[in-house]
Structure formats: structure tokens, C-alpha cells
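The next block holds one structure in the form of C-alpha cells; read it before the comments.
The values are calculated or read from the model by the stated rules, or taken from the named source; none is laboratory data. Since this is a predicted model, take the numbers as computed values, not measurements. Positions of Cβ are backbone-derived with ideal geometry, glycine not excepted, and every protein chain shown enters the neighbour counts. What goes into the accessible areas is simple: the full protein's heavy atoms, side chains included, and nothing from ligands, DNA or RNA. Shrake-Rupley method; radii C 1.70, N 1.55, O 1.52, S 1.80 Å.
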Amino acid sequence: PYKLENWAKGSAVTLVKWDGFRNAAAVKLKKATFRFIQDAAAQSAALLAGDIDAFPRGIANQALPQFKQDARFVVELGNQAGKGIMTINNKRKPFDDVRVRRALSHAVDRRAFIDGVLDGLGKPIGSHFAPSDAGYVDLTGTYPYDPEKARALLKEAGVVTPLNVTLTLPPPPYARKGGEVLAAQLAKVGINAKIENVEWAQWLSGTFKGNFDLTVINHVEPLDYVQYANTAYYWGYDNKAFRDLVSKHAATTNAKERTKLFGDIQRQLASDAVNVYIFNPTQAAIYKKGLKGVWASSPIFANDLAATSWQ
């Protein structure tokens with residue numbers, strides 16, 4: 001009864017004004033109010049005015065320095081399972097050629113993206129695993145930023161530049177702002193990315209059904225690598241060798257073998273350059289001093305209010 005779950009990508013959840021107390025026997029919750037605040041300026045204003053007590057996730061990174069300097073608040077940085085990627089439609093030409101997908105990976109400067117779009121609050125990734133995931137392998141060195149290598153791979157694949165593509169962007173700032181950064185980087189290797197901004201309904205009914213060239217999305221579900229074994233999934237990846245690795249991992253109970261297979265799964269995705277793996281975002285929780293039990297890290301998008309109290 002004391003759990004709020006929010007699974008909608010890109011929405012903001014705010015926990016507001018809970019007046020509860022804890023005794024030696026049990027946790028009693030008298031009142032908890034929840035507000036959804038999408039506008040970045042309104043989020044900060046509500047906290048500063050005392051209208052809300054905590055913002056567990058989703059507040060704009062640009063707001064954090066102000067709250068770090070305000071003695072009334074605690075700013076706690078945590079981990080999450082997100083994998084921010086530029087998704088590639090593997091079924092569409094010329095992206096069905098692995099050399100073209102590898103060219104895209106070499107064309108993207110992950111660190112510049114993280115610094116410019118996420119204000120430095122994120123970690124580069126090289127496959128569809130977050131650094132906090134079990135069995136994580138750092139594969140960021142597989143495709144270092146190398147525009148010259150990207151151009152050479154496009155030429156090797158027979159791609160005539162400039163190559164015109166569409167980059168479809170859903171509403172979150174990491175996608176809209178990040179898409180501008182990616183388009184500029186792709187232009188340096190001869191890829192002209194026309195930006196198409198869409199709302200979530202359009203993204204789900206079009207992009208998520210496979211109607212796209214490139215898109216930008218933060219996949220937040222923990223250990224969702226199994227989607228790559230689904231040939232009908234929106235990025236259109238179809239590789240029996242990968243599906244065999246997933247099946248072997250599911251079938252074995254040997255801890256050492258499972259860890260090895262996790263590594264093999266990540267390396268297969270990186271080798272095939274299924275998508276351009278860019279960032280794992282840092283999560284920030286802001287709350288008033290004296291409020292205990294707010295989660296800074298997110299294995300799931302939930303906060304257990306039974307664990308929350310004023311001290």
C-alpha cells in the first residue's frame with residue numbers, strides 16, 4: 001500500500017509532503033501526497049518554496065548545483081539501470097550492413113554527449129548493459145570516437161555520402177538535446193540526419209513498430225538484453241549466435257559460467273554494433289534534510305514509503 005510505481009518513460013514523479021512517524025513497533029503513515037511536475041523550472045520552484053519535500057528522480061541536471069549549495073537540501077547521486085542508445089533499424093538499408101553500424105559507433109563521441117547533454121552526469125557504455133549490472137564488461141573501447149575510421153567504413157560498405165537519414169526524437173531532453181548533438185557528429189562523417197521530433201504516442205505507434213531509421217532512447221528496464229533475442233523487436237536484430245548465448249545463459253546454474261556468458265552476450269552485441277551504446281545516466285535525488293529513506297539508486301522506478309521517515 002505504500003509503494004508508488006511509475007513506468008512511463010520520461011515522466012516526472014514527485015513525492016510531496018508526507019507527515020509520518022516511526023516508532024519502535026511499526027511504521028505509521030498519516031498522509032502522503034504525490035504530484036507530477038513536468039516543467040523543469042516548476043520542479044525547482046516547488047522544492048525551493050517548500051511545496052514539496054522530495055524529488056526522488058527526474059529533476060533537470062542543471063538544477064543540481066543550486067540545491068547542492070542550499071543547506072536545506074540533500075542532493076544524493078545514485079545509479080540506475082538505464083542504457084542510453086542511438087537505436088539503429090537493422091532491417092533498413094544501409095544499416096543492415098554491420099560496417100555501416102560500426103561507422104555510426106565510431107562517429108559518436110560519447111564523452112562529448114554526456115558532458116554536453118547530461119552535464120557530465122553519466123557513464124559511457126559500450127553494450128546494452130549498465131555498469132551496475134551483474135557481469136558488466138567495459139566495452140567502451142570497442143568503438144573509440146574516430147570520424148576518419150567511420151568515413152572509411154562507410155566507403156568500404158559502398159555508401160555514397162552524404163547519406164540522408166531521419167533521426168526520430170521522443171520528448172525527453174536527453175533525446176531532443178542529444179539528437180542535436182548526434183546530428184552534428186554524424187554530419188562530420190557524411191551522414192545528414194534530418195531531425196523529426198515526435199510525442200510518445202507517435203513514437204510508440206511508429207518508431208517502436210519499426211518505422212524509423214535512427215532514434216534516441218534510454219532503455220531503463222534492468223537486464224533487458226533478452227529483447228535482442230526477439231527478432232520482432234523494433235530494432236530488427238536477427239542473430240542466431242546471440243540467441244544461442246541467451247539460451248545457454250538461461251539454462252545454466254553455474255555462477256562462473258553465467259558470468260562468462262554475460263560477457264559473451266555483451267561482446268556479441270558490441271561486435272554486431274546493433275545500436276550505438278552511449279550512456280548510463282546518473283540519478284539524482286533531492287530531498288529536505290531530516291527526511292530519511294529516499295532511494296537514490298533505482299533498480300526499479302519505485303519508492304517504498306514504509307521505509308521513509310522524518311528524523
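Worth pointing out:
- Taken over the range 232-269, the criterion of being closer than 30 Å to Asn211 by Cβ, open to solvent by less than 70 Å² (accessible area, probe 1.4 Å) and touching a residue at least 24 places away in the same chain (Cβ under 8 Å) is satisfied by Tyr234, Trp235, Gly236, Tyr237, Asn239, Ala241, Phe242, Ile265, Gln266, Gln268, Leu269.
- Residue tally, condition in a loop (DSSP other than H, G, I, E, B), modelled with pLDDT of 95 or more and surrounded by fewer than 23 Cβ atoms within 10 Å (Cβ to Cβ), over the range 270-286: 1
- Residue list for the range 106-162, restricted to those being within 17 Å of Ala270 (Cα to Cα) and of a type in the set (S, T, N, Q): Ser127, Thr140, Thr142
- For Arg111: the one exception among (1) open to solvent by 20 Å² or more (accessible area, probe 1.4 Å); (2) in contact with a strand residue (DSSP E or B) (Cβ under 7 Å, 6 or more places away or on another chain); (3) not in a helix (DSSP H, G or I): (3)
- Within the range 287-311, considering residues that are outside any strand (DSSP E or B), open to solvent by 60 Å² or more (accessible area, probe 1.4 Å) and farther than 17 Å from Gly58 by Cβ, the one modelled with the highest pLDDT: Lys289
- Criterion: in a strand (DSSP E or B) and under 20 Å from Val100 (Cβ atoms) - qualifying residue of Asn211, Asn192, Asn218: Asn192
- Close Cβ contacts (under 6 Å, 6 or more residues apart or on different chains) running from residues in the range 135-162 that are under 17 Å from Asp272 (Cα atoms) and of a type in the set (A, V, I, L, M) to residues that are open to solvent by 30 Å² or more (accessible area, probe 1.4 Å) and assigned to a helix (DSSP H, G or I) comprise Leu153/Arg99; Leu153/Arg102; Ala157/Arg99.
- Subset of the range 126-178 (residues that are open to solvent by 60 Å² or more (accessible area, probe 1.4 Å), modelled with pLDDT of 95 or more and closer than 29 Å to Ala201 by Cβ): Asn164, Arg176, Lys177
- Unique match (being closer than 20 Å to Ala175 by Cα, basic (Lys, Arg), at pLDDT 95 or above and open to solvent by less than 10 Å² (accessible area, probe 1.4 Å)) among Lys123, Lys83: Lys83
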